[in-house]
Amino acid sequence: MADKLEFRRAIRDALDEELARDERVVFFGEDVAKPGGVFAATPGLYDAHGEARVFDTPISELAITGAAFGAAVCGLRPVIEIMFADFLPLAMDGMVNQAAKYWYLSNEQAPAPIVVRSAYGAGGRFGAIHSQSPVAWFQNVPGLKIVAPSTPADAKALLKAAIRDDNPVLFLEHKRLYSLKGDAPTEEVTTIGEAKVVRAGGDLTIAAVATSVHHALAAAETLAAKGLEAEVVDLRSLRPLDVPAVVASVTKTNRLLVVEEGPLTGGWAGELVAQVSEHALGELDDVWRLATDDLPTPYSPPLEDDFLPGTEAIVASVRERLGVAAGA
Amino acid sequence: MAATRKDGAAVTELSGPAQHGVELYRRMLVVRRFEEAVQSLFQKGEVHGTTHLYVGEEAGAVGVADVLRPHDRVAGTYRGHGHALALGVDPQALLDEMLGRETGVCGGRAGSMNVIDLGNRLIGCFGIIGGSISAATGAALALRQQGDGVAVAFFGEGTTNHGYFHECLNFAAVLRLPVLFVCENNRYGEFTPFEDVTAGEIAARPQTLGIPTETVDGMDVWAVREAAEAAVERARAGEGPQFIQSMTYRFVGHSRSDPGRYRKPGELEEWKQRDPLKVAREKLAAAFGVDGAVVDGVDAEVEAQFEAIVERSLAAPYPDPVRDAAREFAPTTS
């Protein structure tokens, strides 16, 4: 499998190629340059591109994000790393009040092209404040794009697309995916905001992102053995949401399950369900969400495993909801 | 420069420092008259929401802006009309913005607290304190890569207790960024005297990070200008961030709803003796030999200018809500 691409390598290569392609691209954050990143996602970039363009910063999320914004509106295309997505509340002013509003408030004088890379997600026994999904915190912010790839190919293509995008992009890397290996991308750059059907099926649509896509695919195999064919839609982007792609799938399956690794209340799954319902209520025989309880992510392995909407939880939820024959 | 008396007769040909001094006075007066117009239009219901006026602080923005070059960049505050005007933002477009008109500098989308005019070097005014500091820090990152530009952050003394201040001063110092931090110390953070909520000396904070720091008389435009010129030169030469504390006073409330009851008795009157316009008038006569009639002529010109500006603003069209159905995202071009 020597030709397979590891997810963390995909991130590194995307940065490397964009730094080489465009001198306006700079990359900074905590421990990202000389140490190569705490998730080993950015080794060698400092050596290849020099400390003027790839550098380590103080542990100062306000400064990192605010400076990225200021640099962006003066002509650079900064990529920053906020080490854990749980730290994003500290970066929120720069993202929400400054970068995301700039294009509109300035009457379209200039955009604020920043990319905020951040490792997110649970399952690593990191506890409540190193495991969260920040999507719902940011999905309500006009002007900000949110991307969460599920494969190395998408990680590379979408990070390159994010860097070339003129808008601020929150680029979420699920930390359980860093060691995943897969094919290299076949397209140079993928447009942000396009979902992808990763498994065809006629009985049920399961929409998800990142690790949940893999869980949905595994669950679909189990369900197929029981005679239920699930179509799995990898949303890839949470803003913009590719509602037409989900509607197209639902038009075929008439049922929609949205899997979200995050609290049920106020989550992005609710937004997707609302939009699909508004556009295609007549196509829906059933629609529901599988998310976490409205609690912090627990630390203890059995507690955390039970907490997350993994493969078994998806299978159980579908069987309970649709009455798929018991016995598997 | 052809100066004229109030009655319109030419009195003298000014040149050199005198001419420049009269120009600095004119810029401060433009800010003063602008703010008075905003206040008046606010009371008439033409300016909405809230505004934070720069009355009394004019020497700060005018003194600093005068030493900047075309490729420098500035981040202002929510009390930013003076910052914008000092940089050359068109008073007509700025007042139109205050009135929410389509012809405003941001098409009426931004309002008083969030003015952006990149064409005039203003990367933005920031409604949350400290935003200007981080924006200028980032601008300096870009300017250093592009050439020898310098970024300037204006902020009030209240911001020195904010996370942005501490994080960005250290960030800029570590990276030796070409940025000038201008702390406009008007003594009150909203309604609270800064001494009541601030430990130690403000100037000691940048100094402990190794940032060259100077405290200046913020009511004297020449004093501000001189300090800014030296600081900007050092930043441009690669000596890293610089810090100026400009001691000033606002002659009006924090915002439109503030009568200023927290002021000590006599304090306002005392500071008004140091009104930057008064200081400038006196210095123009004493140090540069400028005839008072010349200054009267400037007063008359600016007054007439603003009568026309206000009239045009009130006649300017509001944005059409249909046409304002803007794109959420910028179209990507690269």
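The values are calculated or read from the model by the stated rules, or taken from the named source; none is laboratory data. For clarity, every value in this text was computed on a predicted model and none was experimentally measured. Cβ: placed from backbone, ideal geometry, glycine included. Neighbour counts: every protein chain shown. Note: accessible area is taken over every heavy atom of the protein model, side chains too, but ligands, DNA and RNA are not part of it. Shrake-Rupley method; radii C 1.70, N 1.55, O 1.52, S 1.80 Å.
Would you check if there is a residue in region A:263-275 being closer than 18 Å to A:GLY202 by Cα and either in contact with a strand residue (DSSP E or B) (Cβ under 9 Å, 6 or more places away or on another chain) or of a type in the set (A, V, I, L, M) (or both)? Scanning region A:263-275, I find no residue that is closer than 18 Å to A:GLY202 by Cα and either in contact with a strand residue (DSSP E or B) (Cβ under 9 Å, 6 or more places away or on another chain) or of a type in the set (A, V, I, L, M) (or both), so the answer is no. Among the criteria (1) surrounded by fewer than 24 Cβ atoms within 10 Å (Cβ to Cβ); (2) under 22 Å from A:PRO152 (Cα atoms), the one A:LEU15 does not fulfil is (1). Restricting region A:186-237 to residues that are farther than 30 Å from A:GLY143 by Cβ and of a type in the set (D, E, K, R) leaves a set whose member that is most open to solvent (accessible area, probe 1.4 Å) is A:GLU221. Checked against (1) within 25 Å of A:TYR120 (Cβ to Cβ); (2) not in a strand (DSSP E or B), A:LEU257 passes all but a single condition, namely (2).
Only one of the numbered conditions (1) more than 18 Å from B:VAL152 (Cβ to Cβ); (2) at pLDDT 95 or above is not met by B:PRO212, and that is (1).
Of the residues that sit in region A:98-113 and are part of a helix (DSSP H, G or I) and at the interface with chain B (Cβ under 7 Å from one of its Cβ atoms), which one is least open to solvent (accessible area, probe 1.4 Å)? Filtering region A:98-113 for residues that are part of a helix (DSSP H, G or I) and at the interface with chain B (Cβ under 7 Å from one of its Cβ atoms), the one least open to solvent (accessible area, probe 1.4 Å) comes out as A:GLN98.
Residues in region A:82-97 that are part of a helix (DSSP H, G or I) and either open to solvent by 10 Å² or more (accessible area, probe 1.4 Å) or away from chain B (no Cβ under 13 Å) (or both): A:ALA85, A:ASP86, A:PHE87, A:LEU88, A:PRO89, A:LEU90, A:MET92, A:ASP93, A:VAL96, A:ASN97. When B:GLY108, B:GLY88, B:GLY119, B:GLY127 are checked against the criterion of being touching a Gly at 6+ places or on another chain (Cβ under 6 Å), more than 7 Å from chain A (Cβ to nearest Cβ) and open to solvent by 10 Å² or more (accessible area, probe 1.4 Å), B:GLY108 stands alone in meeting it.
Here is a yes/no grid of residues against (1) under 25 Å from B:GLY108 (Cα atoms); (2) open to solvent by less than 80 Å² (accessible area, probe 1.4 Å); (3) at pLDDT below 95; (4) in contact with a Ser or Thr (Cβ under 9 Å, 6 or more places away or on another chain):
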position	(1), (2), (3), (4)
B:SER246	no, yes, no, yes
B:SER257	yes, no, yes, yes
B:LYS272	no, no, no, no
B:VAL290	no, yes, no, yes
B:ASP324	yes, yes, yes, no
B:THR333	no, no, yes, no
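Residues being surrounded by fewer than 19 Cβ atoms within 10 Å (Cβ to Cβ) and either at the interface with another protein chain (Cβ under 8 Å from one of its Cβ atoms) or closer than 24 Å to B:ALA93 by Cα (or both) are entirely absent from region B:132-141.
The lone criterion from (1) open to solvent by less than 20 Å² (accessible area, probe 1.4 Å); (2) at pLDDT 95 or above; (3) at negative phi left unmet by B:GLY253 is number (2).
Per-residue answers, yes or no, for (1) under 30 Å from B:ILE133 (Cα atoms); (2) under 16 Å from the mean Cα position of the chain (by Cα):
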{"site": "B:MET247", "(1), (2)": "yes, yes"}
{"site": "B:ARG250", "(1), (2)": "yes, yes"}
{"site": "B:GLY266", "(1), (2)": "no, no"}
{"site": "B:GLU269", "(1), (2)": "no, no"}
{"site": "B:PRO276", "(1), (2)": "yes, yes"}
{"site": "B:ALA280", "(1), (2)": "yes, no"}
{"site": "B:LEU284", "(1), (2)": "no, no"}
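Just one of the listed residues (B:ALA308, B:ALA330) is under 30 Å from A:THR191 (Cα atoms) and either of a type in the set (Gly, Ala, Ser) or in a helix (DSSP H, G or I) (or both), namely B:ALA330.
Scanning region A:80-90 for residues that are in contact (Cβ under 8 Å) with a residue 40 or more places away in the chain and within 17 Å of B:PHE171 (Cβ to Cβ) yields A:ILE80, A:GLU81, A:ILE82, A:MET83.
If you filter region A:262-308 down to residues that are more than 19 Å from A:ALA216 (Cα to Cα) and among the acidic types (Asp, Glu), you find that the one that is most open to solvent (accessible area, probe 1.4 Å) is A:GLU278. Would you call B:PHE155 open to solvent by less than 40 Å² (accessible area, probe 1.4 Å) and without any contact (Cβ under 8 Å) to a residue 60 or more places away in the chain? No; evaluated as a whole, the condition is false for this residue.
Of all residues in region A:53-81, those satisfying the criterion of being within 7 Å of chain B (Cβ to nearest Cβ) and assigned to a loop (DSSP other than H, G, I, E, B) are A:THR57, A:PRO58, A:SER60, A:VAL73, A:CYS74, A:GLY75, A:LEU76.
Please go through region B:91-102 and pick out each residue that is open to solvent by 10 Å² or more (accessible area, probe 1.4 Å) and within 11 Å of chain A (Cβ to nearest Cβ). Of everything in region B:91-102, those that are open to solvent by 10 Å² or more (accessible area, probe 1.4 Å) and within 11 Å of chain A (Cβ to nearest Cβ) turn out to be B:ALA93, B:GLU102.
In this structure, B:ARG187 does satisfy being away from every other protein chain (no Cβ under 14 Å) and in contact (Cβ under 8 Å) with a residue 40 or more places away in the chain. Under the condition of being of a type in the set (D, E, K, R) and open to solvent by less than 10 Å² (accessible area, probe 1.4 Å), the residues counted in region B:158-182 number 0.
Among the residues of region B:52-81, the ones that are under 16 Å from B:LEU180 (Cα atoms) and acidic (Asp, Glu) come to 2 in all.
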